[in-house]
Structure formats: C-alpha cells, structure tokens
1. Kindly indicate the residue of the range 1-43 that is small (Gly, Ala, Ser) and in a helix (DSSP H, G or I) and also surrounded by the most Cβ atoms within 10 Å (Cβ to Cβ) among those meeting that condition.
2. Which of the following residues is of a type in the set (D, E, K, R) and open to solvent by 80 Å² or more (accessible area, probe 1.4 Å): Lys50, Lys93?
3. Any idea which of (1) closer than 16 Å to Gly125 by Cα; (2) modelled with pLDDT of 95 or more is the one Arg73 doesn't satisfy?
4. Is it the case, given these coordinates, that Lys79 is surrounded by 13 or more Cβ atoms within 10 Å (Cβ to Cβ), within 27 Å of Glu23 (Cβ to Cβ) and under 12 Å from the mean Cα position of the chain (by Cα)?
5. Return yes or no: is Asp49 modelled with pLDDT of 95 or more, out of contact with any helix residue (DSSP H, G or I) (no Cβ under 9 Å at 6 or more places or on another chain) and not basic (Lys, Arg)?
Amino acid sequence: MTRRALRENIFRILFRVEFNTIEEMKEQIDFSVCDIQDISDDDRDYIIDKTNNIISLIDEIDDIIKGVSEGWRLERIGKAELAILRLAVYEMKYDADVPFKVAINEAVELSKIYCNEDAKGFINGVLAKVEE
C-alpha cells in the first residue's frame, strides 16, 4: 500500500473521532482496519499505531490548530477538514519521517477529495502557520 493510501485510511478513521468517544475509537479502528481490502500485516500495524498515536495526542494537536487558526473555533471547522488538519499537524510535529512540505501537500490533496473547493486554501494556510 502506498504512503498516500495509508494516510487516506488513517484520515478516514480520524474522521470518526468527532462522532465517537475516545474510548470507542479502539473499536472503530479495529472495525475500519478489518474493512480494508488486501492489506499487509505491516500496513495494518502502521495504520493502527499511527492512528492511536494521533488520538493519544489529540488535545495537544487541537491546541496547535487553535493557536494558528485565527478566528476559527474547532467547532466551526468542518469535520473532514479537522481530521485532515489533525493528521497533518501530527506528521509535522511528531513524525520525523514526514517532511513538513510533504505533510502539507498530502493534506491539501486529501482536501481536494473529501472537502469543498475552499478547504484546500484554508488547510494550506493553517498548516503554513504551523510550519513557522
């Protein structure tokens, strides 16, 4: 599975955070990973580990997003956009294997698929401030 496909699967799971409690997310992760076709054990472990890491740091990640998204409360940010931002901020701040530019670019690409046309500019702008 490509890095982009792994990232997209993590995004899909993170999207569920807004609809479930943190405690329920373990079941959601297990359910989601079982639903992925033709996945290797390594890819499955990668998705589970990275998703759990993001969820464990969600309060810190949200604080970073709040700090750079001037005039936007988290409740106002679309759920897909928020999941994309959480994934990208995690990659930028906590995942040394992902360069900042790659995290930003991949977030913008996800927004083109899952969000409205205006989201890519918003996501790019927020993440550019995280990079500073």
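The values are calculated or read from the model by the stated rules, or taken from the named source; none is laboratory data. What you see is a predicted model; the values in this text were computed from it and never measured. Don't worry about glycine lacking a Cβ; one is built from the backbone with ideal geometry, like all the others, and counts go over all protein chains shown. Areas reflect the complete protein model, heavy atoms only, side chains present, ligands, DNA and RNA absent. Shrake-Rupley method; radii C 1.70, N 1.55, O 1.52, S 1.80 Å.
1. Checked the range 1-43; the qualifying residue surrounded by the most Cβ atoms within 10 Å (Cβ to Cβ) is Ser32.
2. Lys93
3. Result: Arg73 passes all but (2).
4. Against the criterion (surrounded by 13 or more Cβ atoms within 10 Å (Cβ to Cβ), within 27 Å of Glu23 (Cβ to Cβ) and under 12 Å from the mean Cα position of the chain (by Cα)), Lys79 qualifies.
5. Yes, satisfied.
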